[in-house]
Amino acid sequence: MSNDPIHQFHITKLIPIEIGGYDFSFTNSSAFMVATIAVAGAFLFLTTSSRGLIPSRLQSISEMSYEFVASMLRDAAGSHGMKFFPFVFSLFMFVLVANLLGLFPYFFTVTSQIIVTFALALLVIGTVIVYGFMKNGIGFLKLFVPSGVPGILVPLVVLIEIISFLSRPISLSVRLFANMLAGHITLKVFAGFVASLSAFGAIGVAGSILPLAMTVAITALEVLVAFLQAYVFAVLTCMYLNDALHPGH
Amino acid sequence: MTMKKGSDKTSKSEPETSDKPDFRDDDLERRRRQLDAEIATRRRSGSEGERGAKSGGTTGYGQAVKLSSEFIAGVAVGAGLGWAIDRWAGTSPWGLIVFLLLGFAAGVLNVMRSAGVVAQPGQKVPDKHPKGSDD
């Protein structure tokens, strides 16, 4: 068990709940989702509660994350997109804090479960589709008809564009999930080398310095990946929301 | 509101120099605006640099995961659609064949879009979203 790199992704039921034949158990995954929201909410609330004109360090972290997401959204979707700011900011903070919490030893990584990332991606695409039809009506379908295509090719191109659109939530969720899963397995495998090499006496202990150094380096890389994937998720959300706001222009 | 509180505090903390409070408030306001403008320009250039460093740091591994997930998603959605149509209309195996090929094309389109070779669908004006292709 201690050397099994997959063991960290096992879901265990903390409080079994079953309603009408469906499993609604409170699992370790749910517990860490609650923890993610609690940490993110508490951090933002506590650091901004003093509201200093000259921000403290923690307050400026909160303000920087706000500015970061706001400028990202404004760049990608224009000032009309700012009505989606709470949505994008919540997504960004949730993914970022979940990724960072997962880096602690013995912690569960919520975003390494594809069903979680897929649910987040479906939320994004659902918002795009519902808002796109609400705002543009049937004109939203112009998104699937690129201009300047010869008439005979239009049905084929439209089909391809529709498949391409439907594949967005899948590639969005698979990217986040695969990055987190692969990173955590790599980390665990290299850390496992340290333990198994040290069993070979003095030479083994000397040799285990190499995987130990690698583990430290990968941990640093994982912090970068945790931030980067949250950033990519938020940027793509902004770009998809831009499609809903301004289709086919 | 915070600005007002801050200016009040400064005028209270130095009562001997605040014989002309209006002048001081104007001065503070002017300096605050100047600071805002400076922060804005500096932050913009800072985020540019950050972005460049990021795209440079993730060239290999990140790019591989990005492009492969785009391609696999296209093929998987095509195959899924074809299978669903076959099930619903009973045209097995033609729907699966046709939509698998279409999904392949969509996957290639996704990859080319995310690599920045082909423009994004909502991106007919290239100078409007200059940084859209670096995600």
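The values are calculated or read from the model by the stated rules, or taken from the named source; none is laboratory data. For clarity, every value in this text was computed on a predicted model and none was experimentally measured. FYI the Cβ positions are ideal-geometry reconstructions off the backbone, even for glycines, and counts take in every protein chain you see. Heavy atoms of the whole protein, side chains included, go into the accessibility calculation; ligands, DNA and RNA do not. Shrake-Rupley method; radii C 1.70, N 1.55, O 1.52, S 1.80 Å.
Seen from a random direction on average, the alpha-carbon convex hull of segment A:7-245 projects onto 19.9 square nanometres. Remark on segment A:32-80: accessible area falls by at least 30 square angstrom from chain-alone to full-complex state for A:Arg51, A:Leu53, A:Glu67, A:Asp75, probe 1.4 angstrom. Helix A:57-77 axis versus longest C-alpha principal axis of chain A: approximately 40°, rounded to the nearest ten. For segment A:3-58, chymotrypsin sites (Phe, Trp or Tyr not before Pro) meeting the loop criterion (DSSP other than H, G, I, E, B) and having at most 16 other Cβ atoms within 10 Å: A:Phe24. Computed from the alpha carbon atoms alone, the convex hull of segment A:1-142 holds 185 Å³ per residue. Protein-only accessible surface at a 1.4 angstrom probe places the residues A:Met134, A:Met33, A:Met180 in the order A:Met134, A:Met33, A:Met180, largest first. Seen from every direction in turn and averaged, the convex hull around the alpha carbons of segment B:57-120 projects onto 4.6 nm². Peptide B:62-73 has a mean shielding of 5, counted as Cβ atoms of other protein chains within 10 Å of each residue's Cβ. The accessible area of B:Arg31, taken with all protein chains in place and a 1.4 Å probe, comes to roughly 130 Å². Which one of A:Gly132, A:Gly192, A:Gly20 has the biggest mean-square fluctuation once chain A is modelled by GNM with Cα springs under 10 Å? Among A:Gly132, A:Gly192, A:Gly20, the largest GNM mean-square fluctuation belongs to A:Gly20. Taking every residue in A:144-156 and counting other chain Cβ atoms within 10 Å of its Cβ, the average works out to 1. The distance separating the Cα centre of segment A:1-80 from that of segment A:223-249 comes to 18 Å. Surface burial for B against A, with a 1.4 Å probe and both sides summed, reaches about 3100 Å² of accessible area. Close amide H partners of A:Phe26, meaning residues 5 or more places away or on another chain with modelled amide H under 5 Å apart, are A:Leu14, A:Ile15, A:Ile17.
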